[in-house]
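Right, one structure below, let's go through it.
The values are calculated or read from the model by the stated rules, or taken from the named source; none is laboratory data. Because the structure is a prediction, the values reported are computed rather than measured. Cβ placement follows ideal geometry from the backbone for every residue including glycine, while neighbour counts extend to all protein chains displayed. For the accessible areas, the whole protein counts, side chains as well, though only heavy atoms, and no ligand, DNA or RNA atoms are used. Shrake-Rupley method; radii C 1.70, N 1.55, O 1.52, S 1.80 Å.
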Amino acid sequence: MSSKDQLQLNQWTTLLEPKPQEYRKEPPREPPPQEPAAPPVARQDEEPQVYSVSDINALIKGQLEGQFKSIWLQGEISNFKAHTSGHHYFSLKDDSSQISAVMFKGFNGKLKFRPDNGMEVLVRGRVTVYEPRGNYQIFCETMEPVGAGALQKAFEQLKSKLQKEGLFDVQYKKTLPLLPRHIGVVTSPTGAAIQDILNILGRRYRGGKITVIPARVQGEGAGAEVVRGIELANRLGGFDVLIVGRGGGSIEDMWCFNEEPVARAIFASKIPIISAVGHEIDFTIADFVADVRAPTPSAAAELVAQSAGELSERIQNHLRRLTQKMQFVLSHQQSRLQNKMSRLVDPQRRLQDLAMRADELQQRLILAWQRQTRDLRMQTRLLRERLRNPRTVVESYQQKLMVLRRDLQKEIKHWREQRQRRLVAQISLLDSLSPLRVVARGYSLVFAEGQIVKDPQQVKENQELTVQLAQGALRVSVIAKDAANIKGMEESWTSKKN
């Protein structure tokens, strides 16, 4: 080995030595390794010993692995590559140097986060030499991010990944049902969270069926059980809403709700899901993917029960407002009636008629108010019955349709009778003004070419005319149209008649 290589190796060795003030835990102290025997130096009268490349690499490997059996090393990841075999190859560097590193599949599979370029990490491993190329590197067995914990780093990485995929978008959030009839709860059946949920739902909402789908919510394999619970509820069907969660704890305790399979199972669920994990200050990936996030399991139960209480309160408010409105209208109408009655000073009969009309209006108003109040009560009852059985609502609307149809037929009949009476009156008036009525009294109408003759100048001699009589008509010819001739003709007709 040249003096330059020895100097470089000494520098790397200094960097690889553990520094307790920079690391999270002090590596165990080991007895100093035995110094390997130096290769014999040939004397001047002997031939020098010649090493092969493999020999010198093996010798260097033995020295390094014997000197650095287990070390802690801090540096920045660069040239990171996740091989298809599952192994991770990368370099660790600081401001002036770098070292190759490898983390095999059996070790990197235990990481809670995904290493990436530019990440400052603390690794524990062994320094070794890859003899075929003569490169030395560090075999990493554990890795932790510097600055943020491994779990927190994994949380931020998964959150960023799912957010980019759109799993947190509001457009995919499903609306909670107004009155869930069947409520599913995916949690531990022995935890305090399920007891809080059952107590609140039993006290505030007795109209729903509750099914507990047991799943471990802490420890190894808990995430898979939560996924199975969500998928089972979707396969079985019949659930209106799912509550998925657990009580408070450390980030390690609640970690199953930060796992990617759980997040994707929540996103793929056809049933609306309420995430209820930990306390109000605790946030998990499940909270961001779920349709609704409840700060605690108790708050999730209150969200489910809130819809029923709000609906009942809204009905009562509407009923109260309608009653007040009717009372106001009635009072206003009575005031107007009293005002008009006080202004009446005309004849006694008119006063009596108005008084009777006022009583009638008052009675009708009272009846209308009672009828409307009864209708509102009936509507309220129908709404309550519809919440249990939609068929009653359909039957109620059919009855209303029959009443409206009967009223419509009455209105149509009344309208037709009015129109018929008006038509008869118009026909009678038209008939009284008809010229035929005049003809019926002994007069006649003379027509020339379809026009009534009013003046002798309208006709010519020998022109044929039509004379309309009360019974039939005559076709005549004009003999003369002057007054003298007409008078002579009248005398001639008179003498002939005598």
Please list, ordered by first then second residue, the pairs with beta carbon atoms under 6 Å, 6 or more apart or interchain, first in the range 362-378 and farther than 19 Å from R320 by Cβ, second polar (S, T, N, Q).
L365/Q333
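Condition check ((1) in contact with a strand residue (DSSP E or B) (Cβ under 9 Å, 6 or more places away or on another chain); (2) basic (K, R)) across all residues:
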| residue | (1), (2) |
| --- | --- |
| D169 | no, no |
| K173 | yes, yes |
| S188 | yes, no |
| A193 | yes, no |
| D196 | no, no |
| L201 | yes, no |
| V212 | yes, no |
Looking only at the range 169-195, which residues are within 21 Å of R246 (Cα to Cα) and either of a type in the set (A, V, I, L, M, F, W, C) or not in a loop (DSSP other than H, G, I, E, B) (or both)?
L176, H182, I183, G184, V185, V186, T187, A192, A193, I194, Q195
Taking H182 as meeting all but one of (1) surrounded by 19 or more Cβ atoms within 10 Å (Cβ to Cβ); (2) closer than 30 Å to A305 by Cα, write down the number of the exception.
(1)
Return yes when L319 is touching a residue at least 60 places away in the same chain (Cβ under 8 Å), under 30 Å from L179 (Cα atoms) and in contact with a helix residue (DSSP H, G or I) (Cβ under 9 Å, 6 or more places away or on another chain) and no when it is not.
yes
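Could you tell me whether the range 404-425 includes any residue that is of a type in the set (F, W, Y) and assigned to a helix (DSSP H, G or I)? Step through it out loud before you land on a result.
Pass one, the range 404-425, residues of a type in the set (F, W, Y): 415.
Okay, now just the ones that are also assigned to a helix (DSSP H, G or I), so 415.
The answer is yes, given that some residue of the range 404-425 is of a type in the set (F, W, Y) and assigned to a helix (DSSP H, G or I).
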Residue among Q451, Q463 that is out of contact with any His (no Cβ under 8 Å at 6 or more places or on another chain) and either loosely packed, with under 14 Cβ neighbours inside 10 Å or of a type in the set (K, R) (or both):
Q451
Going through the range 66-98 one residue at a time, which ones are under 16 Å from N108 (Cα atoms) and open to solvent by 70 Å² or more (accessible area, probe 1.4 Å)?
K81, H83, T84, Y89
Considering every residue within the range 292-301, establish whether at least one is within 29 Å of Q171 (Cβ to Cβ) and open to solvent by 60 Å² or more (accessible area, probe 1.4 Å).
yes
Within the range 302-340, can you find the residues that are surrounded by fewer than 12 Cβ atoms within 10 Å (Cβ to Cβ) and of a type in the set (A, V, I, L, M, F, W, C)?
F328
Neighbours by Cβ (under 7 Å, 6+ apart or cross-chain): first from the range 414-442, surrounded by 10 or more Cβ atoms within 10 Å (Cβ to Cβ); second polar (S, T, N, Q)
V439/Q468
Pairs only if they're at least six apart or on different chains, beta carbon under 7 angstrom, first in the range 238-253 and in contact (Cβ under 8 Å) with a residue 12 or more places away in the chain, second of a type in the set (D, E, K, R) and part of a loop (DSSP other than H, G, I, E, B); list them, first residue then second.
D240/R181; G248/D282
Note: among R386, R357, just one is touching a helix residue (DSSP H, G or I) at 6+ places or on another chain (Cβ under 9 Å), modelled with pLDDT under 90 and either open to solvent by 90 Å² or more (accessible area, probe 1.4 Å) or charged (D, E, K, R) (or both), namely R386
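Does any residue of the range 255-277 turn out to be open to solvent by 40 Å² or more (accessible area, probe 1.4 Å) and touching a strand residue (DSSP E or B) at 6+ places or on another chain (Cβ under 7 Å)? Spell out how you get there, then give the answer.
Quick first cut of the range 255-277, residues open to solvent by 40 Å² or more (accessible area, probe 1.4 Å) only: 259-261, 264, 267-268, 270.
Filter again for touching a strand residue (DSSP E or B) at 6+ places or on another chain (Cβ under 7 Å), leaving none.
So far as the range 255-277 goes, no, none of its residues is open to solvent by 40 Å² or more (accessible area, probe 1.4 Å) and touching a strand residue (DSSP E or B) at 6+ places or on another chain (Cβ under 7 Å).
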The correct count of residues that are out of contact with any Lys or Arg (no Cβ under 7 Å at 6 or more places or on another chain), surrounded by fewer than 16 Cβ atoms within 10 Å (Cβ to Cβ) and either part of a strand (DSSP E or B) or of a type in the set (D, E) (or both) in the range 99-154 is 5
